[in-house]
1. Wholly within the range 26-95, which helices (runs of 4 or more DSSP H) include no fewer than the required count, namely at least 3 residues that are of a type outside the set (S, T, Y) and farther than 26 Å from G108 by Cα?
2. Just to be sure, is V65 under 14 Å from the mean Cα position of the chain (by Cα), farther than 26 Å from V119 by Cβ and of a type outside the set (G, A, S)?
3. So in the range 82-130, with the set limited to residues that are among the acidic types (D, E) and either surrounded by fewer than 10 Cβ atoms within 10 Å (Cβ to Cβ) or closer than 23 Å to A16 by Cβ (or both), which one is modelled with the lowest pLDDT?
4. L18 fails exactly one of the following numbered conditions: (1) among the hydrophobic types (A, V, I, L, M, F, W, C); (2) farther than 24 Å from L91 by Cβ; (3) crowded, with 17+ Cβ neighbours inside 10 Å. What is the number of that condition?
5. Provide a single number: the residues in the range 30-74 that are in contact (Cβ under 8 Å) with a residue 12 or more places away in the chain and more than 23 Å from A94 (Cα to Cα).
6. Does A59 meet the test of being closer than 30 Å to K5 by Cβ and within 15 Å of the chain's Cα centre (by Cα)?
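The values are calculated or read from the model by the stated rules, or taken from the named source; none is laboratory data. These numbers come from a predicted model, not from an experiment. Cβ coordinates were reconstructed from backbone atoms using ideal geometry, including for glycine residues, and neighbour counts include every protein chain displayed.
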Amino acid sequence: MSEAKAAKTSRGLGIAALVASILLQSAAAVCSKQAGLTSADGAALGMVINPWYVLSLVALGAQAVAWMLVLRRFPLSVAYPISSLIFTLHLLWAWLIFKEEIAWNHLGGIVLIVAGVAVIGRQAAVEGAG
């Protein structure tokens with residue numbers, strides 16, 4: 001395999017790991033919220049043995065593995081800001097799953113996050129191409 005092809009494959013795996021990391025962390029947050037809502041009395045033991053909480057821990061464990069794969073392929077200064085796209089998913093799940101109201105300031109914040117990620121992603125692409 002040529003060096004260029006290997007680099008392209010590695011970058012593709014890094015992007016897949018980044019997407020997986022974001023999705024898994026978001027899933028963990030949704031499961032944690034559901035655990036809090038479905039725990040009978042709100043006691044700590046009731047929350048810890050809640051299946052939703054256990055599922056959130058599994059998702060966080062898988063997310064940690066995906067994140068390590070991301071960091072093997074991208075600089076932290078690029079990967080971490082891009083991972084902030086998780087906030088867009090949190091807002092989406094809050095609205096879709098938990099029927100929370102979304103204010104304009106939330107949407108404005110998401111626009112700023114996406115714009116910042118676009119700037120960082122574009123710069124990373126330019127540096128990677130050079």
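1. Correct list: 44-48, 51-73.
2. The answer is yes for V65.
3. Restricting attention to the range 82-130, the residues satisfying the condition of being among the acidic types (D, E) are 100-101, 127.
Then drop every residue that is not either surrounded by fewer than 10 Cβ atoms within 10 Å (Cβ to Cβ) or closer than 23 Å to A16 by Cβ (or both), which leaves 101, 127.
Numbers: E101: 94, E127: 68.
Ranking the candidates gives E127 first.
4. Checking L18 against (1) among the hydrophobic types (A, V, I, L, M, F, W, C); (2) farther than 24 Å from L91 by Cβ; (3) crowded, with 17+ Cβ neighbours inside 10 Å, the one that fails is (2).
5. Adding up the residues that qualify gives 7.
6. Considered against the rule, which asks whether it is closer than 30 Å to K5 by Cβ and within 15 Å of the chain's Cα centre (by Cα), A59 comes out as no.
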